[in-house]
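Q: Here it is: the structure, laid out below.
The values are calculated or read from the model by the stated rules, or taken from the named source; none is laboratory data. Values in this document were obtained by computation on a predicted structure and should not be read as measured data. Counting neighbours? That spans all protein chains shown, and the Cβs are built from the backbone with ideal geometry, glycine included. The area values use the complete protein model at the heavy-atom level, side chains included, leaving out ligands, DNA and RNA. Shrake-Rupley method; radii C 1.70, N 1.55, O 1.52, S 1.80 Å.
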Amino acid sequence: MRYDTKVIFQLVEDTYLDNGDYSETVLEQHTEYASIQNTDAQTMHIVYGEIRQGSITLSLQNYVGYTFNRVVIDGVPYSVDQAINLRVKKAYILSEIPNAYEDVSY
């Protein structure tokens with residue numbers, strides 16, 4: 001397993017302003033190197049009950065000692081669906097967060 005992918009762990013606070021606008025503030029940010037692979041079908045059935053696109057498994061060499069609620073890999077935000085504690089390592093099953101505010105033109 002190669003721990004060669006730069007991963008950013010963020011603690012993000014979402015706020016909705018009085019005028020209806022959406023804003024998010026990054027409170028903390030930590031960078032680690034991790035091993036990334038696609039989540040296999042059997043694991044997806046256990047976690048989600050179905051097959052999902054955009055699901056990956058992230059493995060770290062050790063535990064992290066900070067709180068986070070979003071993971072960014074190559075500019076793509078992910079949410080943590082399940083954390084797995086191994087003897088000396090930590091693994092996370094992540095799913096991609098769709099960007100509802102992205103300007104899409106066809």
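Q: Return a yes/no flag: does segment 45-67 have any residue that is part of a loop (DSSP other than H, G, I, E, B), acidic (Asp, Glu) and open to solvent by 60 Å² or more (accessible area, probe 1.4 Å).
A: Yes: one or more hits.
Q: With VAL26, VAL7 as the choices, which residue is modelled with pLDDT of 90 or more and either farther than 15 Å from GLU96 by Cβ or surrounded by 15 or more Cβ atoms within 10 Å (Cβ to Cβ) (or both)?
A: Being modelled with pLDDT of 90 or more and either farther than 15 Å from GLU96 by Cβ or surrounded by 15 or more Cβ atoms within 10 Å (Cβ to Cβ) (or both) holds for just one of VAL26, VAL7, which is VAL7.
Q: Filter segment 52-72 down to the residues that are at pLDDT 90 or above and of a type in the set (Gly, Ala, Ser) and list them by number.
A: Listed by number, the list holds a single entry, SER59.
Q: What number of residues in segment 40-63 are over 11 Å from the mean Cα position of the chain (by Cα) and more than 15 Å from THR5 (Cβ to Cβ)?
A: The total comes to 16.
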